[in-house]
Ligand SMILES: Cc1cc2nc3c(=O)[nH]c(=O)nc-3n(C[C@H](O)[C@H](O)[C@H](O)COP(=O)(O)OP(=O)(O)OC[C@H]3O[C@@H](n4cnc5c(N)ncnc54)[C@H](O)[C@@H]3O)c2cc1C
């Protein structure tokens, strides 16, 4: 009936029960089922505009989605059109200008290889499977963030279909307020169809991982936290305490084993990195993969899972890590705990930055538990709760991209920025049609 009122609709539409429905509504976290009113799979920006108008005519909200890596915060989708932009797959690299333009459905895996051919790197994160869109709109912290900041602030222009179905280009000269809000305010202001961003030449890159037996987690974390204040911005290090499942996707040496791993990326030469990493090497890692490498190595350095998983996750930005209390309270059974060194450019607001200009805290601490059944669900929740309680006294803030449940988004912003975001939302979407992952309501 509705399509009769909108004959120009060209995006593929799916309704519950249609062939392909379950695949189209699937998500990275398989614990979280998505049940929208319908799903649109546009192939062009024009399709996106038509789908937004169609949803408005139906009285639905519109939830933009690229890869469904962060669907948890969306909540109830029963009166919502899930607008999945995965059909927008343009990738254009201009190596001379150090610029990239991608369609909003592109995952990092389609960008990193092309950049590598020119000795360039983008500010992607730990997983090549994550989408450029959601990652960039929420912030985006990866291996080069201490040196160059967040991906949101590398964005130079966004093309967006706003709630009234108009396609606009937002950059420093056009729709500058919208451009500011999109770079950290998430998917609340329209459906992004294309993203342009700056990338960096990488002359020397020394990256890899030091593997220690899991039982040495305390020693490794103590040595690592002692080093942090002396480390330059050219070096980003993470510690991952993890249990690798015995599956073929995991490299043979790690399959079914548990490690404390120090991963790192240094924008410089091996000789300088050796001195910086010495305190960790003196602990005697059982495997050392650090080497001079091309930038593409950063895409998989973290060894993130690529296939969907059933999991619960929590995170905190903290000023200090209570290592012994954390290991004692949480115990050794959580699938993964990860600690990323923050600071450097992540603490500096550059002129012209978006609303997510900086992130607080010295360390981004994250914990994830894979859930197989009711028993493990209870156990994982208890361990994550112990993680939260132990870190609470050291909390400096939250990072929206790592929040996987519906929450009050005002906690991610200062009161002034929150008021400005709501005013911009009111200007572009006064009736709150566009449902971002972390909801920003229009100013009343
Ligand atoms: C395995 C894994 C590893 C990760 N590693 C990192 C990391 O290293 N660093 C980091 O910072 N984050 C990381 N993240 C978090 C990640 O940045 C967020 O989950 C991000 O939101 C994913 O974006 P997406 O487009 O892939 O996911 P989606 O779930 O498709 O999108 C998330 C939200 O972004 C918005 N959005 C997406 N597309 C559009 C669009 N076209 N127009 C408007 N809004 C849109 C919507 O609000 C949507 O709900 C990781 C997540 C996972 C699961």
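Results, tabulated for the structure shown:
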{"read-out": "Subset tally (residues that are surrounded by fewer than 16 Cβ atoms within 10 Å (Cβ to Cβ) and closer than 23 Å to residue 366 by Cβ) for the stretch 229-244", "value": "1"}
{"read-out": "Number of positions in the stretch 170-191 that are within 12 Å of the ligand (Cβ to nearest atom) and outside any helix (DSSP H, G or I)", "value": "7"}
{"read-out": "Conditions (1) more than 24 Å from residue 174 (Cα to Cα); (2) loosely packed, with under 15 Cβ neighbours inside 10 Å; number of the one not met by residue 404", "value": "(2)"}
{"read-out": "Selection status of residue 212, at pLDDT 95 or above and in the same structural domain as residue 322 (by TED's automatic domain parsing)", "value": "yes"}
{"read-out": "Checklist (1) within 25 Å of residue 228 (Cα to Cα); (2) surrounded by 18 or more Cβ atoms within 10 Å (Cβ to Cβ) applied to residue 355, failing item", "value": "(1)"}
{"read-out": "Residue 388, sole failed condition from (1) closer than 23 Å to residue 186 by Cα; (2) away from the ligand (no atom under 16 Å from the Cβ); (3) modelled with pLDDT of 95 or more", "value": "(1)"}
{"read-out": "All positions within the stretch 54-77 that are touching a helix residue (DSSP H, G or I) at 6+ places or on another chain (Cβ under 6 Å) and within 14 Å of residue 432 (Cβ to Cβ)", "value": "62, 63"}
{"read-out": "Near pairs, Cβ below 8 angstrom, 6+ apart or cross-chain, from the stretch 131-142 (in a loop (DSSP other than H, G, I, E, B)) to any residue that is within 6 Å of the ligand (Cβ to nearest atom)", "value": "139/401; 140/125; 140/401; 141/125; 141/401; 142/125; 142/126"}
{"read-out": "Residue list for the stretch 225-256, restricted to those being under 16 Å from residue 288 (Cβ atoms) and either over 22 Å from the mean Cα position of the chain (by Cα) or at pLDDT below 95 (or both)", "value": "251, 253, 254"}
{"read-out": "Residue under evaluation residue 112, criteria (1) in contact with a strand residue (DSSP E or B) (Cβ under 8 Å, 6 or more places away or on another chain); (2) assigned to a loop (DSSP other than H, G, I, E, B); (3) in the same structural domain as residue 190 (by TED's automatic domain parsing), criterion not met", "value": "(2)"}
{"read-out": "Hits in the stretch 310-322 - residues which are more than 15 Å from the ligand (Cβ to nearest atom) and either free of Cβ contacts under 8 Å to residues at least 12 places away in the same chain or not in a loop (DSSP other than H, G, I, E, B) (or both)", "value": "318"}
{"read-out": "Restricting the stretch 92-109 to residues that are more than 15 Å from the ligand (Cβ to nearest atom) and in contact (Cβ under 8 Å) with a residue 12 or more places away in the chain, the residue that is nearest to residue 67 (Cα to Cα)", "value": "100"}
{"read-out": "Of all residues making up the stretch 115-130, the number that are more than 7 Å from the ligand (Cβ to nearest atom) and either within 19 Å of residue 186 (Cα to Cα) or part of a strand (DSSP E or B) (or both)", "value": "4"}
{"read-out": "Flag for residue 307 being exposed (fewer than 15 other Cβ atoms within 10 Å of the Cβ), modelled with pLDDT under 95 and within 15 Å of the ligand (Cβ to nearest atom)", "value": "yes"}
{"read-out": "Evaluation of residue 209 against (1) surrounded by fewer than 24 Cβ atoms within 10 Å (Cβ to Cβ); (2) within 12 Å of the ligand (Cβ to nearest atom) (one fails), failing number", "value": "(2)"}
{"read-out": "Single unsatisfied condition, residue 412 versus (1) under 22 Å from the mean Cα position of the chain (by Cα); (2) within 28 Å of residue 56 (Cβ to Cβ); (3) more than 16 Å from the ligand (Cβ to nearest atom)", "value": "(3)"}
{"read-out": "Residue 327, sole failed condition from (1) surrounded by fewer than 16 Cβ atoms within 10 Å (Cβ to Cβ); (2) within 27 Å of the chain's Cα centre (by Cα); (3) over 28 Å from residue 140 (Cβ atoms)", "value": "(1)"}
{"read-out": "Residue match in the stretch 266-286 (condition: touching a residue at least 60 places away in the same chain (Cβ under 8 Å), under 28 Å from the mean Cα position of the chain (by Cα) and under 23 Å from residue 368 (Cβ atoms))", "value": "no"}
{"read-out": "Strands (runs of 3 or more DSSP E) contained entirely in the stretch 8-88, each with at least 2 residues that are within 13 Å of the ligand (Cβ to nearest atom), at negative phi and within 24 Å of the chain's Cα centre (by Cα)", "value": "38-41, 61-65, 80-84"}
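To keep it simple, each residue is scored yes or no on (1) over 19 Å from the mean Cα position of the chain (by Cα); (2) over 21 Å from residue 238 (Cβ atoms); (3) in a strand (DSSP E or B).
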site	(1), (2), (3)
349	yes, yes, no
355	no, yes, no
361	no, no, no
366	no, no, yes
375	yes, yes, no
381	yes, yes, no
406	no, yes, no
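The values are calculated or read from the model by the stated rules, or taken from the named source; none is laboratory data. The structure presented is a predicted model; accordingly, all values stated were derived computationally and were not measured. A quick note on method: Cβ atoms are made from the backbone with ideal geometry, for glycine too, and the neighbour counts reach across all protein chains shown.
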